[in-house]
Structure formats: structure tokens, C-alpha cells
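The values are calculated or read from the model by the stated rules, or taken from the named source; none is laboratory data. This structure is a prediction, so every number in the text was calculated from the model and none was measured. With ligands, DNA and RNA removed, areas are computed over all heavy atoms of the protein, side chains included. Shrake-Rupley method; radii C 1.70, N 1.55, O 1.52, S 1.80 Å.
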Amino acid sequence: MRSGNGLAILLITFGGLIVLGKLGLGLGWLFGLLIPILIILLGVVAWNNGNRLLGGVITVVGGFILLGKLSFLFVWAAAIALIIFGVSMLGRKNHRTRM
């Protein structure tokens, strides 16, 4: 594979995803995650090229954006944890109860 083929395949893939989105087979949520991930990768590249301060700042900013996009997962995880904790409390025998 020639050196420019990887970029060409990446561009074709992104273009195909955009066309699918315009046809109603939307992957908008994927693009919403793609931008923060690309920002994080840009920060990692800057970090590896020796510009640690800028790379760290860019990575943290991308991480906060991605955290905001994935916050619904934390809500679901917290809700499931509360349900499991409540069910486990019902199953315990309380030895301190006095009437």
C-alpha cells in the first residue's frame, strides 16, 4: 500500500458516512463522538512531539468534551447501581430491628 492510501481510505470512509447521513441512515451520534476523540488524538500527537503543555491541555479539553457527550452512560450506570443496591438491601436480614 502506498503512503497516501491510508488517508485516501479514511477520506472515502468519512465521505461515505456523510452520504449515509444525508440518506437518512444517520450516524450523527458517531460524529458527535468522533470530534472529541480526534481532539484527544491531536493532543496525544502534540504530547509525543515534545510539546507536553499544549498536548496535555488539548487532551484534557477533548476529554471533557467526550465526558459531556458520554454523560448519559454515567446516568444509566448510577441508576442501575441504585437499583442493585436497593434490591440487595431488601435481601438482607436486619438484626437490629426492635419493636
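See the values below:
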quantity	calculated
Principal axis dimensions, the chain - Cα atoms, whole angstrom, descending	79, 42, 25
Helix-only [θ]222 nm of the chain, DSSP H runs n ≥ 4, -39500 (n - 2.57) each, per residue, nearest 500	-27000 deg cm²/dmol
Accessible surface of the chain [probe 1.4 Å, protein heavy atoms]: carbon and sulfur percent	75 percent
Additional length obtainable on full extension of the chain from A77 to V57, 0.36 nm per residue less Cα span	4.4 nm
Other-chain or far-sequence residues with amide H under 5 Å of N51's (modelled H)	none
Whole-Hz ³J(HN,Hα) from phi, Karplus 6.51 cos²θ - 1.76 cosθ + 1.60, for the range 6-18, glycine and proline x	x, 5, 5, 5, 4, 5, 5, 4, 5, x, x, 5, 5
I40 accessible area, 1.4 Å probe, all protein chains in place, Å² to nearest 10	40 Å²
Probe 1.4 Å, protein heavy atoms only - accessible area per residue of the chain in square angstrom	84 Å²
